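Okay, so here's the structure we're looking at.
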Amino acid sequence: MSSETVSPEAVPYESLGQPIRGPRALTNDWTRFWHLTYNIARNEFKLKFFGSVLGYVWQVMRPLLLFGVLYVFFVVISHVGKSGLPGEANYGVQLLGSIVLFTFFGEATGGAVRSVVDRENLVRKIQFPRLVIPLSITLLAFFNLAMNLVVVLIFALISGVQPMLSWLELPLILTMVVLFSTGIAMLLSAMFVKFRDIQPIWEVVSQILFYASPVIIPVETVREKLIHEPFLWHLYLLNPLVTIFQQFRHAMVNHPTLSAGQVLGGWIHLLEPLGIVAAVFLLGFWVFNRSAPSVAENL
């Protein structure tokens, strides 16, 4: 009885030292994919306030406290939003709504930067679609956004805002901010695995976006200041958050406020920010999907 042995020369050199490719970003089992995403986000949501006396109230208090500080310094002291223009009516509600939307954007993107690295044990030991990680961060931020929007609605009704048919635009507005945030979240989480400077860089960029968006200063005021600077005005409008926040103010709070289409100079010009949102989402997915199989090796 003889046994065959394979000589080392029979093994092709190309098969040696090949990196082991891990799971990709997506999976064919969509039920499992969304089940994992939802459960991770839900568990993170519960653990975030575990042992806290006030619990979920803190999630609502944070944007309210920021709103209070900004309102005192910029409205009461600096008289921002008190020019008497029809578009600045209910400015306090407009300010609170913009803060809540930007809080979601900041949580979704800032939380996603370290999301893959912080879950190194899961990535190395468990086979699952990697895109679950940044998407669960975005979903967690959306849970918080839903709670905060209820507070905005109550505050708006108390302030005298009347229900409008344009409130039906809210799902479209939220879809745009979610897609934009998710695209950036995928991009940042993938890049941070190799480039750890991404976190401080994004912290600076996020602060720039806060002040470069109509959170505090109304678009009408910015347009008045940049009326002789068409390049800077166009650059300002390329920020998708400008379109999102302005349309929220117009549709949800004060209809005399300029709509996003009016600010851009026509509804056809909405294709620019919408195109940027789509490009950011596709770029984020492409980068994350490309790096997902080798993410465990790069950690």
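For beta carbons closer than 6 Å, sequence separation of 6+ or different chains, a first residue in the range 59-72 that is within 10 Å of Asn148 (Cβ to Cβ) and among the charged types (D, E, K, R) and a second that is modelled with pLDDT of 80 or more and part of a helix (DSSP H, G or I), there are no qualifying pairs. Here is the figure for the range 160-196: residues that are surrounded by fewer than 24 Cβ atoms within 10 Å (Cβ to Cβ) and touching a Pro at 6+ places or on another chain (Cβ under 6 Å) total 0. Only one of the listed residues (Ala279, Ala260) is among the hydrophobic types (A, V, I, L, M, F, W, C), within 20 Å of the chain's Cα centre (by Cα) and over 24 Å from Val100 (Cα atoms). That residue is Ala279. Residue count for the range 221-237, restricted to those that are in a loop (DSSP other than H, G, I, E, B) and surrounded by 14 or more Cβ atoms within 10 Å (Cβ to Cβ): 1. Pairing residues of the range 137-160 that are at negative phi with residues that are outside any helix (DSSP H, G or I) and surrounded by 14 or more Cβ atoms within 10 Å (Cβ to Cβ), at Cβ distances under 6 Å and at least 6 apart in sequence or on separate chains, gives Ser159/Asn90. Within the range 238-253, the residues that satisfy the criterion of being without any contact (Cβ under 8 Å) to a residue 60 or more places away in the chain and crowded, with 17+ Cβ neighbours inside 10 Å are Asn239, Val242, Gln246.
Under the condition of being modelled with pLDDT under 70 and among the polar types (S, T, N, Q), the residues counted in the range 60-98 number 2. Only one of the numbered conditions (1) over 19 Å from Leu235 (Cβ atoms); (2) modelled with pLDDT of 95 or more is violated by Ala279, and that is (1).
Kindly list the number of the only condition in (1) among the small types (Gly, Ala, Ser); (2) buried (at least 24 other Cβ atoms within 10 Å of the Cβ); (3) closer than 16 Å to Glu44 by Cβ that fails for Gly97. Condition (3) is where Gly97 drops out.
The values are calculated or read from the model by the stated rules, or taken from the named source; none is laboratory data. Keep in mind the model is a prediction, meaning the values are calculated, not measured. Please note: Cβ atoms are built from the backbone with ideal geometry, for glycine as well, and neighbour counts cover all protein chains shown.
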